[in-house]
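See below for the structure under consideration.
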Amino acid sequence: MAASMLVQRTAALCGTFKGISVSKAVRPVNSHYGFMLQTACYNPRPLRLNLRGPYIPDKDSIKTPEWQKTARYDRKLFGRFGSASHIDPASLWPSHEELEKIIAEEKQWHPPLEVMLKNIEAKEKEETEKRLAKEKLIAANMAKMPKMIEDWRREKRETKRKLKEEKAKKAKLLAEAQERFGYSMDPRSPKFLEMVAEIEKEEKKKKKLLKRRVKEEQVAAPPVAQS
């Protein structure tokens, strides 16, 4: 009740003494009622708006931003203010290069219906050809599959046989080295490698002599009489 009466008195005082500053008439210090009094008597200054004409930037001024000197901004001003913008409408029309670019973009992103149908047909044809080629390749590979499996098995058997022969040959050489030198040797030692090279040389010599003997026997053999 007391607060309501205080507000009414404050309004009356503000209406009667408009020329008197609120800060001079009443000086509330840290008071809730003083804040209400200042709020009731607040009279802001009116805004100063320039409504006489549109704002046209000066393109020759260095203070004008670059984006206000572009053709895009001129189109925006002419679309908003019309002839009041003092912009020549002919200058807003795109150049030949820009017009060709716009037409090319229209053709690329918004082609006619006939062109779209042809593109769809060509794409479907290409996808069909790719699918048929893939199916043909799969069928050809499936036809080769039995032979490929057999070749793989044969190579596996051949590799296994070679490993077995190499293992047996190595064991034979180690046994021969132990018999020759009287003790087991490391297959990586120079002495063992030298022995292996000597044995291989002797085997090559034997094969060469055998080949020569067979050739001499064939020459010395009498020719077979033809009936």
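The values are calculated or read from the model by the stated rules, or taken from the named source; none is laboratory data. Here the structure is a predicted model, which means the values were calculated and not measured. For neighbour counting, all protein chains shown are included, and Cβ atoms are generated from backbone atoms with ideal geometry for every residue, glycine included. Each accessible area value is taken on the protein alone, full model and side chains, heavy atoms only, with ligands, DNA and RNA left out. Shrake-Rupley method; radii C 1.70, N 1.55, O 1.52, S 1.80 Å.
If I filter region 89-113 down to residues being outside any helix (DSSP H, G or I) and within 16 Å of Arg72 (Cβ to Cβ), which single residue comes out as most open to solvent (accessible area, probe 1.4 Å)? Only one residue fits best here, namely Trp93. Modelled with pLDDT of 90 or more, in a helix (DSSP H, G or I), exposed (fewer than 10 other Cβ atoms within 10 Å of the Cβ) and among the charged types (D, E, K, R): is that true of Lys147 in this structure? When the stated conditions are applied, Lys147 passes them. Scan region 118-137 and give yes if some residue there is under 30 Å from Arg72 (Cα atoms), among the polar types (S, T, N, Q) and within 33 Å of the chain's Cα centre (by Cα), otherwise no. No, region 118-137 contains no residue that is under 30 Å from Arg72 (Cα atoms), among the polar types (S, T, N, Q) and within 33 Å of the chain's Cα centre (by Cα).
Scan region 163-185 for residues that are among the charged types (D, E, K, R) and either closer than 17 Å to Glu200 by Cβ or surrounded by 11 or more Cβ atoms within 10 Å (Cβ to Cβ) (or both) and jot them down. Break it down into steps so the answer makes sense when it comes.
Taking region 163-185 as the starting set, the residues that turn out to be among the charged types (D, E, K, R) are 164-167, 169-170, 172, 176, 179-180.
If the condition is that a residue be among the charged types (D, E, K, R) and either closer than 17 Å to Glu200 by Cβ or surrounded by 11 or more Cβ atoms within 10 Å (Cβ to Cβ) (or both), then Glu165, Glu166, Lys169, Lys170, Lys172, Glu176, Arg180 are the ones that fit.
Kindly indicate whether Lys156 is part of a helix (DSSP H, G or I) and at pLDDT 90 or above. Spell out the reasoning first.
Working: part of a helix (DSSP H, G or I): yes; at pLDDT 90 or above: yes.
In short, yes.
Of all the criteria given as (1) assigned to a loop (DSSP other than H, G, I, E, B); (2) without any contact (Cβ under 8 Å) to a residue 12 or more places away in the chain, the one not satisfied by Pro187 is (2).
Just checking, does region 44-65 include any residue being surrounded by 12 or more Cβ atoms within 10 Å (Cβ to Cβ), modelled with pLDDT of 80 or more and touching a His at 6+ places or on another chain (Cβ under 9 Å)? Scanning region 44-65 turns up at least one residue that is surrounded by 12 or more Cβ atoms within 10 Å (Cβ to Cβ), modelled with pLDDT of 80 or more and touching a His at 6+ places or on another chain (Cβ under 9 Å).
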